[in-house]
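Okay, structure first, notes after.
The values are calculated or read from the model by the stated rules, or taken from the named source; none is laboratory data. For clarity, every value in this text was computed on a predicted model and none was experimentally measured. Counting neighbours? That spans all protein chains shown, and the Cβs are built from the backbone with ideal geometry, glycine included.
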Amino acid sequence: MKSNRMLTIVFICVMVLAFTSVSFAEVIIICNNSVEDTSLSKKDVKNIFLGKKTKWSDNKKIHFVTLKDSKTHKLFLKKYIQKNSPQFRNYWREKVFTGKARAPKQFTTIDQMLKYVSETEGAIGYVDTNAKSKLRAYLRNPNDKNTNAVENLKLSYLFNTVD
């Protein structure tokens, strides 16, 4: 009886910690180093990912990319776009169907997004704070095949996303 109660308490504590860590996750906006802009407002980010802002301040094309439905994607949509996943998907379906725009390129993993943004001039995307440790690990290991990718990224804590 005591062991069942103890297991239940441990399970509840683990679940609370798991949900707490998810709720504290933050989104990091990442850009290719070719982007000359040094700050973006939340409105700028929203306009970019809704296809309303298509050029950087130096008149170069913006290539924005998203993650397929994931916790990071949902957090990004909530924080910057003020839409949920179905609303965002429907917004882009309408733009594509009416011929007003092409749907954004989507990736299933953060690694794919990091690779694309690091290799594509004018690219912008997002990752969660869990990717920070992955980036730090890449920076610590210069022999890692992803080191060049990291050097070509501008991160929001360097990039200055402002409200």
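Just a few scattered comments:
- Among the candidates Phe76, Phe88, residue that is of a type in the set (Phe, Trp, Tyr), on the phi < 0 side of the Ramachandran plot, over 12 Å from the mean Cα position of the chain (by Cα) and modelled with pLDDT of 85 or more: Phe88
- Subset of the stretch 60-89 [of a type in the set (S, T, N, Q), surrounded by fewer than 18 Cβ atoms within 10 Å (Cβ to Cβ) and not in a loop (DSSP other than H, G, I, E, B)]: Ser85, Gln87
- When residues of the stretch 38-56 are limited to those that are in a loop (DSSP other than H, G, I, E, B) and touching a residue at least 40 places away in the same chain (Cβ under 8 Å), the one nearest to Glu121 (Cα to Cα): Trp56
- Taken over the stretch 55-73, the criterion of being under 21 Å from Gln87 (Cα atoms), among the hydroxyl-bearing types (Ser, Thr, Tyr) and out of contact with any strand residue (DSSP E or B) (no Cβ under 7 Å at 6 or more places or on another chain) is satisfied by Ser70 alone.
- Pick from the stretch 94-115, criterion at pLDDT 90 or above and either buried (at least 16 other Cβ atoms within 10 Å of the Cβ) or assigned to a helix (DSSP H, G or I) (or both), ranking: nearest to the chain's Cα centre (by Cα): Phe107
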